[in-house]
Amino acid sequence: MLKEILENKGYFDQSKGGVTFSGGECMLQPDALTELLKGCQAAGVHTAVDTAGNVPWESFEQVLPYTDLFLYDIKAMDADVHKACTGVENGRILENFTRLADRGENIFVRYPYIPGMNDDQVEKIAEFLHRWQQIEAELLPYHKLGNSKYRALEAQNVFEGTVPLKDEVEMLKKKYGFQ
């Protein structure tokens with residue numbers, strides 16, 4: 001995989017881009033991820049790790065020296081709301097985020113906004129992030145691009161019908177300082 005990445009180094013250099021490792025959850029395979037990150041760093045390729053943060057802190061410690069940017073999802077501050085949205089509580093996620101942010105790591109937060117699910121969390125998330133001036137955050141409104149996949153799989157989509165109004169999203173972004 002590293003060979004394939006490095007074949008595109010000219011493009012990364014010209015575009016000032018790099019490589020984002022995501023998944024599923026790429027942090028669930030910290031040894032393989034670390035090797036790829038090391039190779040990219042040695043070649044001068046910018047690295048980003050896209051994570052929900054629900055992994056042991058040791059996984060973060062392993063990849064930290066080789067990661068230029070963390071793309072970090074925060075879906076809710078309230079543990080019950082987070083569990084209703086994702087099936088897991090968020091204690092470890094928020095603890096890992098706090099440790100990264102307190103160290104001054106380069107983090108970009110994404111808040112997936114889903115009316116009827118986590119819409120009451122926007123103020124809480126903005127308030128939580130306010131203590132770290134270096135943190136940038138983006139509000140990502142739920143969209144219906146995946147609805148056809150649910151239908152094709154004959155699976156229930158609990159989020160269907162939860163697309164927020166554009167004016168509502170813009171108002172929240174402005175009010176709470178999200179991108």
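Pick out the one residue from D80, D73 that is touching a Pro at 6+ places or on another chain (Cβ under 8 Å) and either closer than 30 Å to E168 by Cα or free of Cβ contacts under 8 Å to residues at least 40 places away in the same chain (or both). Of the residues listed, the single one that is touching a Pro at 6+ places or on another chain (Cβ under 8 Å) and either closer than 30 Å to E168 by Cα or free of Cβ contacts under 8 Å to residues at least 40 places away in the same chain (or both) is D73.
Of the residues I125, I114, I93, only one is of a type in the set (A, V, I, L, M, F, W, C) and closer than 19 Å to P56 by Cα; which? Result: I93 is the single residue among I125, I114, I93 that is of a type in the set (A, V, I, L, M, F, W, C) and closer than 19 Å to P56 by Cα.
Open to solvent by less than 30 Å² (accessible area, probe 1.4 Å), at pLDDT below 95 and closer than 22 Å to Q179 by Cα: is that true of I93 in this structure? No, not satisfied.
Conditions tested, residue by residue: (1) in contact with a Phe, Trp or Tyr (Cβ under 9 Å, 6 or more places away or on another chain); (2) hydrophobic (A, V, I, L, M, F, W, C); (3) in a helix (DSSP H, G or I); (4) farther than 24 Å from I93 by Cα.
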position	(1), (2), (3), (4)
E4	no, no, yes, yes
Y11	no, no, yes, yes
Q14	no, no, yes, yes
V19	yes, yes, no, no
G24	no, no, no, no
M27	yes, yes, yes, no
A32	no, yes, yes, no
L37	yes, yes, yes, no
C40	yes, yes, yes, yes
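Tell me, which residue of the stretch 126-161 that is buried (at least 17 other Cβ atoms within 10 Å of the Cβ) and touching a Lys or Arg at 6+ places or on another chain (Cβ under 9 Å) is farthest from K83 (Cα to Cα)? So the residue we want is A137. For the stretch 48-59, the tally of residues that are of a type outside the set (D, E, K, R) and either over 14 Å from the mean Cα position of the chain (by Cα) or on the phi > 0 side of the Ramachandran plot (or both) stands at 4.
The values are calculated or read from the model by the stated rules, or taken from the named source; none is laboratory data. Just so it is clear, the structure is predicted and the values come from calculations on it, not from any experiment. Cβ sites come from the backbone with ideal geometry, for glycine too, and all protein chains shown count toward neighbours. The protein model used for the area step is the full one, side chains on, heavy atoms only, and it has no ligands, DNA or RNA in it. Shrake-Rupley method; radii C 1.70, N 1.55, O 1.52, S 1.80 Å.
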